Amino acid sequence: MTDADARFDPKTAAMTAGDATKGKLVFLAADCTSCHATPGQPDRLKLGGGLALASPFGIFRPPNISPDPIDGIGSWSVADLANALIAGVSPHREHYYPAFPYPSYTGMSLDDVRDLYAYLRTLPPVAGRPPPHDLPLLFRFRRSLAFWKLLFFHEGRSEATIGGDAADDRGAYLVETLGHCADCHSTRNIFGAIKPSTRFAGGPDPEGTGFVPNITPLRIGRWSEAQIALMLSTGETPDHGRVGSSMADVVVNSAQLPQGDRDEIARYVKSLPPRQTPHP
């Protein structure tokens, strides 16, 4: 019951690399660099990992996901990447901690996984592995994550509201799945899972440094779609401020997306149900 089962077999015909050009857009939308770029150097494409991410459960350090064959994921197959993103399972058949946002990524299309794999292979290899997570003894047993998944993880399911309109559905996919926006803009329960009633309504910063804002219409309802899209390009808010903290890193990536993607993100955000901001 606590075993981490692989869902994708590398021998399956579909488990081949995709289009690196398309994969770059997946990479940007998924905001991979914000966690996996090697700290202390300016190249956001050196994905050596090691950034210390504080949480109520201890310090997590994202791994090296560069194509280095020893210290990174250069030896991974497409199936290994699919198992990580969609099932939260490592090539060593261990459960990943949900600090890695696979509960959102699980809704990714297999085509996007294949394209992302192709793009990651084009990036520079980075030697060296970051230090291990610094967690209390209680949280070091990954088998216990099977119970967390049983309660809070729904493999392959997305929270995106899909209505059949291509533009609207694209925005839903970018916000809910690739962008995993709810992972920061929501409040979590004592088990570290998102409280559904607070989805996108803001909450304590996962790293314990302040409060992430409510982005439902109850808080930013006066923002137009054009203003939201502009913020995703420049970081400027309608009140002449600028986004900060981890959102500044998000904007570095979203600014490189096609204008149509930013417009569709904005349209979906405007469609979110209004929710009260939880008390800090």
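The values are calculated or read from the model by the stated rules, or taken from the named source; none is laboratory data. The structure displayed is predicted, hence computed values, not measured ones. Please note: Cβ atoms are built from the backbone with ideal geometry, for glycine as well, and neighbour counts cover all protein chains shown.
The figures follow:
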read-out	value
Hits in the stretch 25-77 (condition: free of Cβ contacts under 8 Å to residues at least 60 places away in the same chain and among the hydroxyl-bearing types (Ser, Thr, Tyr))	SER75
ASP71 vs. criteria among the acidic types (Asp, Glu) and modelled with pLDDT of 95 or more	yes
The stretch 225-261, residues that are surrounded by fewer than 12 Cβ atoms within 10 Å (Cβ to Cβ) and touching a Ser or Thr at 6+ places or on another chain (Cβ under 7 Å)	none
For PHE191: the one exception among (1) closer than 27 Å to THR2 by Cα; (2) assigned to a helix (DSSP H, G or I); (3) outside the structural domain of ALA82 (by TED's automatic domain parsing)	(2)
Test for ILE265: is it under 20 Å from ALA201 (Cα atoms), assigned by TED's automatic domain parsing to the domain that holds LEU174, modelled with pLDDT of 95 or more and crowded, with 17+ Cβ neighbours inside 10 Å	yes
Residue count for the stretch 177-211, restricted to those that are surrounded by 22 or more Cβ atoms within 10 Å (Cβ to Cβ) and either modelled with pLDDT under 90 or in contact with a Gly (Cβ under 7 Å, 6 or more places away or on another chain) (or both)	4
Residue in the stretch 91-109 that is surrounded by 16 or more Cβ atoms within 10 Å (Cβ to Cβ), in contact (Cβ under 8 Å) with a residue 24 or more places away in the chain, under 26 Å from PHE152 (Cα atoms) and of a type in the set (Asp, Glu) present	no
Residue under evaluation MET15, criteria (1) crowded, with 17+ Cβ neighbours inside 10 Å; (2) assigned by TED's automatic domain parsing to the domain that holds PRO103; (3) aliphatic (A, V, I, L, M); (4) in a loop (DSSP other than H, G, I, E, B), criterion not met	(2)
Residue, modelled with the lowest pLDDT, within the stretch 123-144, restricted to residues that are touching a Gly at 6+ places or on another chain (Cβ under 8 Å) and surrounded by 13 or more Cβ atoms within 10 Å (Cβ to Cβ)	PHE139
